[in-house]
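The values are calculated or read from the model by the stated rules, or taken from the named source; none is laboratory data. Because the structure is predicted, anything quoted here is derived from the model rather than measured. In this analysis, Cβ positions are derived from the backbone assuming ideal geometry, glycine residues included, and neighbour counts consider all displayed protein chains. Ligands, DNA and RNA are stripped out before the accessible areas are found, and what is left, the full protein with its side chains, is counted by its heavy atoms. Shrake-Rupley method; radii C 1.70, N 1.55, O 1.52, S 1.80 Å.
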Amino acid sequence: GSRPDTIATLWDLTLERITRQDPAVIELLDICACLAPRPIPLDLFTGHPGRLPEPLSAAAADQLAIADTVAVMVDYSLAKRTASGLQLHRLVQAAIRARPRDSQSAASEPLTAALGLMRADVPRTIMGTPQDWPRWAVLLPHVLSATSLADQAPDPARPDAAADTAWLLDRAGTYLQVHARLADARRLLERAQPHLVDGQGPLQ
């Protein structure tokens, strides 16, 4: 077989081994693969365990369990630790997203979870709340990555994913507007429009 086939086989075996060791790792990898190849704060997950699929939800509610889950990712060189959490390489993210799923809906679940997590986490009010801007600065690349994947999703994403995408694009556009990045802001606000369901605004 060719080298890419060998790599794909090794990758499949690695993921199988990890799934046996700690199934929460695969759930976390899948969601992180929808985010940017930048540091991801761990409290994005530990702060909202109820928005995560099981078994990751249970792990995220337990500081020791989530530390173990991240440790497995680091041990297999799938992520590296950062001061606030973890970071995946973009090639690892691409490989995780490209792996075959049982169904199209199974492939869109991690993206739906990622969008929901960020909607729950990013500060709602941006105008006049400079104390909340540092959190936005950290999460903005991840918001842009997940919403970009949502725009490319071949199947119409679940309605809540579309609503979360519109809301996140609207808020991210407002954040960039406040920071005088007007061209970027306009692009995001325009991208929010197709996601608005029945002409409803995303800010309900």
Comparing HIS89, HIS179, HIS142 in a Gaussian network model of the chain (Cα, 10 Å), the one with the largest mean-square fluctuation is HIS179
If one takes the longest principal axis of the Cα atoms in the chain, at what angle in degrees, from 0 to 90 and to the nearest 10, does the Cα axis of helix 23-32 lie?
40 degrees
Counting only protein heavy atoms and using a 1.4 Å probe, what share of the accessible area of the range 48-98 belongs to carbon plus sulfur, as a whole percent?
54 percent
Trypsin sites (Lys or Arg not before Pro), restricted to the range 118-148: which are DSSP loop and have at most 16 other Cβ atoms within 10 Å?
ARG124
Per DSSP H run of at least 4 residues, take -39500 (n - 2.57); add these up for the chain, divide by its residues and hand me the 222 nm value, nearest 500 deg cm²/dmol.
-20000 deg cm²/dmol
Quick check: the angle from helix 182-192's long axis to the longest principal axis of the chain, C-alpha only, nearest 10 degrees?
70 degrees
Amide H of LEU86 versus every other amide H placed in the peptide plane: which residues, excluding those fewer than 5 positions away on the same chain, fall under 5 Å?
ILE40, LEU42
Order the following by accessible area, largest value first: TRP11, TRP136. Probe radius 1.4 Å; ligands, DNA and RNA are ignored.
TRP11, TRP136
Extension gain from ARG97 to ASP12, taking 0.36 nm per residue of separation minus the Cα-Cα distance
29.3 nm
Kindly express, to the nearest 10 degrees and within the range 0 to 90, the angle between helix 159-178's C-alpha long axis and the longest C-alpha principal axis of the chain.
60 degrees
If you roll a 1.4 Å probe over the heavy atoms of the protein chains, what accessible area per residue do you get for the range 1-138, in Å²?
52 Å²
Put a dot 7 Å past each Cα toward the Cβ at GLN152 and ALA67; how far apart are the dots in nm?
3.6 nm
In Hz, Karplus ³J(HN,Hα) per residue of the range 69-74 (6.51, -1.76, 1.60; θ = phi - 60°; x = Gly, Pro):
4, 5, 4, 4, 4, 5
ARG124-ARG181 pseudo-label distance in nm [points 7 Å out on the Cα-to-Cβ vector]
2.4 nm
